[in-house]
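Novice: First, the structure itself, so that you have it in front of you.
The values are calculated or read from the model by the stated rules, or taken from the named source; none is laboratory data. This one's a predicted model, so the numbers in the text were calculated from it and none came from an experiment. Ideal geometry is used to build each Cβ from the backbone, glycine not excepted, and the neighbour counts take in all protein chains shown. All accessible areas refer to the heavy atoms of the entire protein, side chains included, with ligands and DNA or RNA removed. Shrake-Rupley method; radii C 1.70, N 1.55, O 1.52, S 1.80 Å.
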Amino acid sequence: MNSRRDYRGTRSALFDGIEEGGFRASQYSTHEISEHDNDLAVEGLQDRVNILKRLTGDIHEEVESHNRLLDRMGTDMDSSRGILSGTVDRFKMVFETKSSRRTATLVASFVALFLLIYFLTK
């Protein structure tokens, strides 16, 4: 994580000297560039490319970890859906008889009363 912050801090260095899609014309005019200036410009571009390469690698790793997390969440949701459907089927069986409805109503009333008392005393 910390190395990712270092790369973000170098964004200003990455885009330093670039304006509106190109280099500043006054800094790199064709008449004033010597071989040394060309080498410096190439090194600067190589540094920027390396920074972009590391940034894209970090973005790729982050996307992969998010995809794995989403896959696990999907699997967990599928398993909880199966458990929930089993619970709903059991509730349907309970409510089929009148005595079971009375018992379920009594239990639900006690739970509601408990929650009401709990929130009033909190």
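Novice: Looking at VAL42, VAL88, which is the one that is more than 30 Å from ALA104 (Cβ to Cβ) and free of Cβ contacts under 8 Å to residues at least 12 places away in the same chain?
Specialist: VAL42
Novice: Can you confirm whether ARG48 is open to solvent by 80 Å² or more (accessible area, probe 1.4 Å) and either part of a helix (DSSP H, G or I) or aliphatic (A, V, I, L, M) (or both)?
Specialist: When the stated conditions are applied, ARG48 does not pass them.
Novice: Of (1) modelled with pLDDT under 95; (2) in contact with a helix residue (DSSP H, G or I) (Cβ under 7 Å, 6 or more places away or on another chain), LEU55 satisfies all except one. Which?
Specialist: (1)
Novice: Tell me, please, whether a residue that is of a type in the set (Gly, Ala, Ser) and under 16 Å from the mean Cα position of the chain (by Cα) can be found in the stretch 65-76.
Specialist: Scanning the stretch 65-76 turns up at least one residue that is of a type in the set (Gly, Ala, Ser) and under 16 Å from the mean Cα position of the chain (by Cα).
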